[in-house]
1. Collect the residues in the stretch 43-57 that are part of a loop (DSSP other than H, G, I, E, B) and among the acidic types (D, E), keeping them in residue-number order.
2. Out of L60, L40, I need the residue that is in contact with a strand residue (DSSP E or B) (Cβ under 9 Å, 6 or more places away or on another chain), of a type outside the set (D, E), assigned to a loop (DSSP other than H, G, I, E, B) and without any contact (Cβ under 8 Å) to a residue 40 or more places away in the chain. Which one?
3. Considering only the stretch 20-42, state which residues are among the β-branched types (V, I, T) and either in contact with a helix residue (DSSP H, G or I) (Cβ under 6 Å, 6 or more places away or on another chain) or over 17 Å from E53 (Cα atoms) (or both).
4. Filter the stretch 1-19 down to the residues that are in contact with a helix residue (DSSP H, G or I) (Cβ under 9 Å, 6 or more places away or on another chain) and part of a loop (DSSP other than H, G, I, E, B), then identify the one that is most open to solvent (accessible area, probe 1.4 Å).
5. Please enumerate the residues belonging to the stretch 20-31 that are among the hydrophobic types (A, V, I, L, M, F, W, C) and either under 18 Å from L76 (Cβ atoms) or not in a strand (DSSP E or B) (or both).
6. Just to be sure I understand, how many residues within the stretch 29-54 are more than 13 Å from the chain's Cα centre (by Cα) and open to solvent by less than 80 Å² (accessible area, probe 1.4 Å)?
7. Every residue in the stretch 45-60 that is charged (D, E, K, R) and more than 13 Å from T9 (Cα to Cα), please.
8. Considering only residues of the stretch 55-74 that are touching a Phe, Trp or Tyr at 6+ places or on another chain (Cβ under 8 Å) and closer than 15 Å to G17 by Cα, which is least open to solvent (accessible area, probe 1.4 Å)?
Amino acid sequence: MNKKAIAITGANGFIAGHLIKFLAGSEYSVRAIIRKGSKLREPLHAFVSSTHEYSDSKSLEAAFEDVEAVFHLGALFSKKEDLA
């Protein structure tokens, strides 16, 4: 049986990690989208069908092909001092 695909941006983040675990064992396969140079936290590898980088256009194209939904959880995070 082919599972329906869901793409999650910011997949190595806190909230996305919980969403990935929540979807584990469901009718959906998860496509994780992360920044170049980032790594998906180790326990999450078991729950995703594929990992894609924002900076790779061919990888992104594959990530969003025939998905049922996209959870956009990616964000730019910095300390308050970095913004001053």
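1. Taking the stretch 43-57 as the starting set, the residues that turn out to be part of a loop (DSSP other than H, G, I, E, B) are 48-49, 54-56.
D56 - this is the single residue of the stretch 43-57 that is part of a loop (DSSP other than H, G, I, E, B) and among the acidic types (D, E).
2. Details: L60 fails: assigned to a loop (DSSP other than H, G, I, E, B).
Among L60, L40, only L40 is in contact with a strand residue (DSSP E or B) (Cβ under 9 Å, 6 or more places away or on another chain), of a type outside the set (D, E), assigned to a loop (DSSP other than H, G, I, E, B) and without any contact (Cβ under 8 Å) to a residue 40 or more places away in the chain.
3. Going residue by residue through the stretch 20-42, those that are among the β-branched types (V, I, T) are 20, 30, 33-34.
Across the stretch 20-42, the qualifying residues are I20, V30, I33.
4. Filtering first and then ranking leaves N12.
5. So the first thing to find is which residues in the stretch 20-31 are among the hydrophobic types (A, V, I, L, M, F, W, C), and the list is 20, 22-24, 30.
Matches in the stretch 20-31: I20, F22, L23, A24.
6. Residues flagged as more than 13 Å from the chain's Cα centre (by Cα) and open to solvent by less than 80 Å² (accessible area, probe 1.4 Å) within the stretch 29-54 amount to 1.
7. The initial filter retains those residues of the stretch 45-60 that are charged (D, E, K, R), namely 53, 56, 58.
Of everything in the stretch 45-60, those that are charged (D, E, K, R) and more than 13 Å from T9 (Cα to Cα) turn out to be D56, K58.
8. Result: G74.
The values are calculated or read from the model by the stated rules, or taken from the named source; none is laboratory data. Here the structure is a predicted model, which is why all the values come from computation and not from measurement. Every residue, glycine among them, receives a Cβ derived from its backbone with ideal geometry; neighbour counts consider all protein chains shown. Remember, those area values only see protein heavy atoms, side chains included, never the ligands or the DNA or RNA. Shrake-Rupley method; radii C 1.70, N 1.55, O 1.52, S 1.80 Å.
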